[in-house]
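Participant: Input: one structure, supplied below.
The values are calculated or read from the model by the stated rules, or taken from the named source; none is laboratory data. It should be emphasised that the depicted structure is a prediction, and the values quoted were computed from it without experimental measurement. No Cβ is skipped: glycine too gets one built from the backbone with ideal geometry, and neighbour counts run over all protein chains shown.
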Amino acid sequence: MNDLYFRCETCKRFVDAGYRHAYWTLVEPGVVLADDYVTGGTALPPVSAEAVFAADAYWAAAANDSAMAELLGRVREFLSDHARHSLSFGDLHRLHAPPDEWLAWRCDDRDGGLLPRNLVEGLHLSTWTEVEAYLSRTGGSPWWWSSPDARQAARRKFMELVRK
Ligand SMILES: [Zn+2]
């Protein structure tokens, strides 16, 4: 369970916290509390953006790793943008509990996760034909694309969002 994400429960947006690095420098020393997904719980412990900003070991990884520097830059921006909101920290699986929970969320990772909200709010696509063209042009294949049920659910959510 190392797919760890910062989440804003207010905006329903999330960003990759940095996998094992986040585990060893944030969860292990107690800067953030791990969620209890593995034991069947549903608690998502709140996160203090200030405590994370003060966790030097977490940010130090940017010094000699450009991919990590980029990821941490996104995390810093995310925590600043949402510092006054309800921040939490949890495993990726939390976005599938309940199973359709992912439809409500927007991903702030570099590849965007291509969730319905990313397609509408981030890429400003307004028809499903545009979505298909975008995915075929970029070679992007989000996980939900290969599952007929999930693709239908994503399409339904997309249509709901563009009608707003
Ligand atoms: Zn927020």
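Participant: Out of Ala22, Ala61, Ala57, Ala67, I need the residue that is exposed (fewer than 13 other Cβ atoms within 10 Å of the Cβ), among the hydrophobic types (A, V, I, L, M, F, W, C) and over 24 Å from Leu103 (Cβ atoms). Which one? Before the answer, list the steps.
Facilitator: On the way: Ala22 fails: exposed (fewer than 13 other Cβ atoms within 10 Å of the Cβ); Ala61 fails: exposed (fewer than 13 other Cβ atoms within 10 Å of the Cβ); Ala57 fails: exposed (fewer than 13 other Cβ atoms within 10 Å of the Cβ).
Of the residues listed, the single one that is exposed (fewer than 13 other Cβ atoms within 10 Å of the Cβ), among the hydrophobic types (A, V, I, L, M, F, W, C) and over 24 Å from Leu103 (Cβ atoms) is Ala67.
Participant: Step by step: first the residues of the range 2-17, then only those that are part of a loop (DSSP other than H, G, I, E, B) and over 9 Å from His82 (Cβ atoms), then the one that is farthest from the ligand (Cβ to nearest atom). Which residue is that? Outline the logic, then answer.
Facilitator: First, the residues of the range 2-17 that are part of a loop (DSSP other than H, G, I, E, B): 2-3, 9-12, 17.
Restricting the remaining residues to those that are over 9 Å from His82 (Cβ atoms) gives 2-3, 9, 12, 17.
Working: Asn2: 24, Asp3: 21, Glu9: 8, Lys12: 8, Ala17: 15 Å.
Going through the qualifying residues, I end up with Asn2.
Participant: Here is a further query. What pairs can you find where one residue is in the range 25-40 and surrounded by fewer than 17 Cβ atoms within 10 Å (Cβ to Cβ), the other is in a loop (DSSP other than H, G, I, E, B), and their Cβ atoms are less than 7 Å apart, with a gap of 6+ or different chains?
Facilitator: Leu33/Pro45; Asp36/Ala43; Val38/Met1
Participant: Considering only the range 126-160, state which residues are under 21 Å from Asp100 (Cβ atoms) and in a loop (DSSP other than H, G, I, E, B).
Facilitator: Within the range 126-160, Ser141, Pro142, Ser147 qualify.
Participant: Identify the single condition in (1) surrounded by fewer than 17 Cβ atoms within 10 Å (Cβ to Cβ); (2) in the same structural domain as Glu70 (by TED's automatic domain parsing); (3) not acidic (Asp, Glu) that Phe89 does not satisfy, given that it satisfies every other one.
Facilitator: Of the numbered conditions (1) surrounded by fewer than 17 Cβ atoms within 10 Å (Cβ to Cβ); (2) in the same structural domain as Glu70 (by TED's automatic domain parsing); (3) not acidic (Asp, Glu), the odd one out for Phe89 is (1).
Participant: Something else now. Between Arg74, Arg110, Arg94, which is of a type in the set (Lys, Arg), closer than 30 Å to Val131 by Cβ and modelled with pLDDT of 95 or more? Show your work before the answer.
Facilitator: Working: Arg110 fails: modelled with pLDDT of 95 or more; Arg94 fails: modelled with pLDDT of 95 or more.
The unique qualifying residue is Arg74.
Participant: Mind checking whether some residue in the range 142-156 is farther than 16 Å from Arg13 by Cα, without any contact (Cβ under 8 Å) to a residue 24 or more places away in the chain and among the basic types (Lys, Arg)?
Facilitator: Yes; the residues of the range 142-156 include at least one that is farther than 16 Å from Arg13 by Cα, without any contact (Cβ under 8 Å) to a residue 24 or more places away in the chain and among the basic types (Lys, Arg).
Participant: Output the helices (runs of 4 or more DSSP H) that fall wholly within the range 43-106 and possess 2 or more residues being of a type in the set (D, E, K, R) and within 13 Å of the ligand (Cβ to nearest atom), or say none.
Facilitator: On the way: elements: 49-53, 56-60, 66-81.
Hits in the range 43-106: 66-81.
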